[in-house]
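**Q** Below you'll find the structure I mean.
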Amino acid sequence: MNRRKDLGSWQAAKAAGEKLVMITAYDHPSARLAQAAGIDGLLVGDSLGMVVQGRSDTLGVSLEAMVYHTEMVARGAPECLIVADLPFGAFEASPEAAFAAAAALLKAGADAVKLEGGLPMAETVRFLSERGVPVIGHIGLTPQHVRQLGGFRRQGTGAEGAARLAREAEALAAAGARMVLFEAVPAELAATLTARLPVPTIGIGAGAGTDAQILVWHDVLGLSPRPPSFARTYCDGAGLIIDALGRYAAEVREGKFPPT
């Protein structure tokens, strides 16, 4: 049985040096299978805009869509920690707006919410934490800022970038973030900050030194046409599905299905 439902167990795992595993999930079947595989935590990511809705980025994902998908995932994996993304436009205007959006996701079944942004979001993290909302910070490559960043570019490189990322990580932890996620940052920097921070860290494209790792469901299962370079594909899911559907179609056309 998965025993990673509560955030306290993640903190204990960090103290014990035990690695934790997360994956994105967007619906009931994927959540159910991830739980059966022993995955510790599921992220209902706004990445659904790209891998489920077919968008070029995450900016068009609505709060309503996040609530909808969070409900499905929470029902499918009651033993896993469920984290839901605060989508672009739902939390930046004010801490009060962030609280309203976070409350909707918690009511939908999330155990914590994740928000993108460093120093400008520290006060929002504090506001939410003081009002009972568990928050995970997300820094480095922040996909909601892709147009400002000029694309999906690696972050935290060079002395200035590393120093800025360190300040952001420490500010988020000090404001009450229960974890900090590093995306597409140098492995050495992520490992250094993981050792320094009092809260667990999650890495995606950030090397092996973080407390937990996360990948996108579709990348792991070979369903993405162009997975990022840091991802690892563990099966040819697309090939398996195309083969199965092709055999089904052939049997129908040949009169073999349904059987007489």
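**Q** Based on Cβ point charges of +1 for Lys and Arg and -1 for Asp and Glu, what charge dipole magnitude is obtained for the chain about its Cα centre, in debye rounded to the nearest 20?
**A** Dipole of the chain, to the nearest 20 debye: 260 debye.
**Q** While we're on this one: On each of the three principal axes of the Cα atoms of segment 162-260, give max minus min coordinate, whole Å, ordered largest first.
**A** 68, 25, 17
**Q** By average Cβ neighbour count within 10 Å, what is the ranking of 52-65, 189-202 from highest down?
**A** 189-202, 52-65
**Q** Work out Dmax and Rg for the chain from the C-alpha atoms and quote the Rg first, both in angstrom.
**A** When restricted to Cα atoms, the chain yields Rg and Dmax of 19.1, 71 Å.
**Q** Near the amide H of Ala25, under 5 Å away, which other amide H atoms are found, from residues 5 or more places off or on another chain, if H is placed in the peptide plane?
**A** Here Leu43, Val44, Gly45 satisfy the definition.
**Q** Explain nothing, just compute: Karplus ³J(HN,Hα) = 6.51 cos²θ - 1.76 cosθ + 1.60, θ = phi - 60°, for every residue of segment 197-211 in order, whole Hz, x for Gly and Pro.
**A** Values, residue by residue: 6, x, 10, x, 10, 10, x, 9, x, 10, x, 8, x, 7, 6 Hz.
**Q** What residue among Leu223, Leu240, Leu106 has the largest mean-square fluctuation in a Gaussian network model of the chain, using Cα springs under 10 Å?
**A** Leu240
**Q** I need the phi-derived Karplus couplings for segment 172-185: 6.51 cos²θ - 1.76 cosθ + 1.60, θ = phi - 60°, integer Hz, Gly and Pro marked x.
**A** Values per residue, Gly and Pro as x: 5, 5, 5, 7, x, 4, 7, 8, 10, 9, 9, 10, 6, 10 Hz.
**Q** Additional query: Would you list, by chain and number, the lysines whose Cα falls below 21 Å from the Cα of Lys19, excluding same-chain residues fewer than 8 positions away?
**A** Lys5, Lys114
**Q** When the Karplus curve 6.51 cos²θ - 1.76 cosθ + 1.60 is applied with θ = phi - 60°, which whole-Hz ³J(HN,Hα) does each residue of segment 238-252 get, with x for Gly and Pro?
**A** Once θ is set to phi - 60°, the couplings for segment 238-252 become 4, x, 4, 5, 4, 5, 5, 5, x, 5, 4, 4, 5, 5, 5 Hz.
**Q** In whole angstrom, note down how far apart the Cα centers of segment 28-44 and segment 93-152 are.
**A** Between the Cα centres of segment 28-44 and segment 93-152 lies a distance of 22 Å.
**Q** Follow-up question, since we're still on this one. Within 15 Å, Cβ to Cβ, of Ala166, how many net charges do the neighbouring residues add up to if Lys/Arg are +1 and Asp/Glu are -1?
**A** -1
No value in this document is a laboratory result; all are computed from the given coordinates. Computed from a predicted structure; not experimentally measured. Backbone-built Cβ (ideal geometry, glycine too); neighbour counts: all protein chains shown.
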